[in-house]
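Comments concern the structure below.
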Amino acid sequence: MITASICTIGDEILIGQITDTNSAMISRELGKAGIRVREMISVGDERDEIARAIAGCLEHDGIVIVTGGLGPTKDDVTKGVLYDITGSTGYVRDSRQTEIIHRILSSRGLDVLDINLRQADVPDRCDVIPNRLGTAPVMVARFPDTAFGRKAVLYSLPGVPFEAEGAMPYVLEDIRKGFCLSEIHHRTIMTYGIAESALSDLIAEWEERLPSCVRLAYLPDPLKGVSLRMSVYGVPDAEKIFEEQTAKLRSLLGDNIYSCSGESLPEVTGRLLRSNGWTVSTAESCTGGLIASLLTSVPGSSAYFLGSVVSYASSVKENILGVPKSVINTHGAVSPECAAAMAEGVRRITDSDFSVATTGNAGPSASEGKPVGQVWVGISSRKETRTMEFHYHNDRKRNIERFAASALDALRRVILSGTEA
């Protein structure tokens, strides 16, 4: 199987001034094409460091993709490194990129300066893929089999994310012409309600018996739960393997699996509501409207989502949702009684079939004697109201995310249990 490495260049990445989104984008696109990414590295704007990093990548991988370090400024030194490692003897101005530079700068009302045109100059032993969205072209260095004992090609892309993304289809087209690629298949099983460590223990025997062609990755996320990604490389009957292994997982995990196709909790919950013709509303305190935001992020959610009340203050719980003052005085705002009354209140106001309410303490300090990370979730239907308690031990932002995801998952499980609206 052809492997690849990705090298991002720039001091701004190393000091955290910008986030490297290029590596993730490139890795995704290579994976779709059947190329396994072996390594991702980042280096600063030092010529010797760039040269060492690129040389190390070429020693191991047939495809190396570099982003950044291209442009008109002095800290853009990648072109010089390519000049050296390809043994070039001069630079050639690419006419196609020159035309693009003129077009881009003219459209912006800018003068075309020699410093801009020099970006179209490439080492004479590099091929060029024109960058249609920017001024720095993609340079392609092809190495003979004798250089590394096999075919090796280096692609140097601009670091601007939308330019790098725009160049990838042309890079992949070039790769397909030069390499025989294997297929890579992925299936993502989405789970919620089991911590990563507990999940690993529960499916340990299943994991040990996976076919050798299957690779498994655990991908925890506060809003998604723990995703299990199965990857199969170069096997024609991958779908059959996925079906067999997914069936075994279902027997182990049951309703903790909410999707076998990578759908999100809001998508799955929305689909369940829509398929039954049911509607939902939310009353949120500690989640501050996040549940409503997640539900409405799904296209077509207007078919089942009616509205929300963000009742952060007790006065809003009482005056808008109709939570009895005695409930708050006796049990506190963070209590099952309050969560139930909030859910019933918003369902009454909106006349929805289901409602979801959250009240808890996201932190960072305890209040009303309620520990940080505690949340009560209320789920109300036209026939009954249920409450559930969850505890998490994260920072405020992550606690809020887990509160919202737990509430959505609780609604999903209530619907699956056969509870009628």
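The values are calculated or read from the model by the stated rules, or taken from the named source; none is laboratory data. Given the structure is predicted, the values throughout are model-derived calculations rather than measurements. Cβ sites come from the backbone with ideal geometry, for glycine too, and all protein chains shown count toward neighbours.
Of note:
- First in the stretch 166-177 and at negative phi, second anywhere and part of a helix (DSSP H, G or I), Cβ under 8 Å, 6 or more apart: Met168/Met25; Met168/Ile26; Met168/Glu29; Leu172/Glu29; Leu172/Leu30
- Unmet requirement for Cys126, which otherwise passes all of (1) farther than 24 Å from Ile2 by Cβ; (2) without any contact (Cβ under 8 Å) to a residue 60 or more places away in the chain; (3) among the hydrophobic types (A, V, I, L, M, F, W, C): (1)
- Scanning the stretch 211-231 for residues that are touching a Phe, Trp or Tyr at 6+ places or on another chain (Cβ under 9 Å) and either of a type in the set (Ser, Thr, Tyr) or not in a strand (DSSP E or B) (or both), we see that the one that is surrounded by the fewest Cβ atoms within 10 Å (Cβ to Cβ) is Cys213.
- Boolean, Ile13 is farther than 18 Å from Leu172 by Cβ and either surrounded by 17 or more Cβ atoms within 10 Å (Cβ to Cβ) or in the same structural domain as Val77 (by TED's automatic domain parsing) (or both): yes
- Residue in the stretch 363-374 that is within 16 Å of Gly289 (Cα to Cα) and buried (at least 19 other Cβ atoms within 10 Å of the Cβ) present: no
- Filter result for the condition that a residue is without any contact (Cβ under 8 Å) to a residue 40 or more places away in the chain and in contact with an Asp or Glu (Cβ under 9 Å, 6 or more places away or on another chain), over Ser293, Ser281, Ser251, Ser227: Ser227
- Boolean, Glu318 is more than 17 Å from Arg402 (Cα to Cα) and of a type in the set (Asp, Glu): yes
- Entry remark, the stretch 22-46: residues being surrounded by 14 or more Cβ atoms within 10 Å (Cβ to Cβ) and either part of a helix (DSSP H, G or I) or polar (S, T, N, Q) (or both) number 9 in total.
- Pair list, Cβ under 6 Å, 6 or more apart: the stretch 185-207 residue crowded, with 16+ Cβ neighbours inside 10 Å, other residue assigned to a helix (DSSP H, G or I) and aromatic (Phe, Trp, Tyr): Arg187/Phe242
- Residues being over 24 Å from the mean Cα position of the chain (by Cα) and within 22 Å of Ser406 (Cβ to Cβ) - total across the stretch 237-252: 2
- Within the stretch 83-111, the residues that satisfy the criterion of being among the acidic types (Asp, Glu) and part of a helix (DSSP H, G or I) are Asp84, Glu99.
- Residues within the stretch 293-316 that are in contact with a Gly (Cβ under 8 Å, 6 or more places away or on another chain), part of a helix (DSSP H, G or I) and surrounded by 22 or more Cβ atoms within 10 Å (Cβ to Cβ), tallied: 1
- Residue satisfying all of: in the stretch 91-148; among the small types (Gly, Ala, Ser) and surrounded by fewer than 19 Cβ atoms within 10 Å (Cβ to Cβ); farthest from Ala55 (Cα to Cα) among these: Gly109
Per-residue answers, yes or no, for (1) at pLDDT below 95; (2) part of a helix (DSSP H, G or I); (3) under 20 Å from Tyr312 (Cβ atoms); (4) within 29 Å of the chain's Cα centre (by Cα):
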site: Glu344; (1), (2), (3), (4): no, yes, yes, no
site: Arg347; (1), (2), (3), (4): no, yes, yes, no
site: Thr359; (1), (2), (3), (4): no, no, yes, yes
site: Gly363; (1), (2), (3), (4): yes, no, yes, yes
site: Asn399; (1), (2), (3), (4): no, yes, yes, yes
site: Ala410; (1), (2), (3), (4): no, yes, no, yes
site: Thr419; (1), (2), (3), (4): yes, no, no, no
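- Search result, residues across the stretch 382-394 that are out of contact with any strand residue (DSSP E or B) (no Cβ under 9 Å at 6 or more places or on another chain) and at pLDDT 95 or above: Glu384
- With respect to the conditions (1) of a type in the set (Asp, Glu); (2) in contact with a strand residue (DSSP E or B) (Cβ under 9 Å, 6 or more places away or on another chain); (3) modelled with pLDDT under 95, Glu263 falls short on a single one, namely (3).
- Qualifying positions in the stretch 254-269 - of a type outside the set (D, E, K, R) and either more than 24 Å from the chain's Cα centre (by Cα) or not in a helix (DSSP H, G or I) (or both): Gly254, Ile257, Tyr258, Ser259, Cys260, Ser261, Gly262, Ser264
- Any hit, the stretch 233-241, residues being surrounded by fewer than 21 Cβ atoms within 10 Å (Cβ to Cβ), small (Gly, Ala, Ser) and farther than 16 Å from Leu416 by Cα: yes
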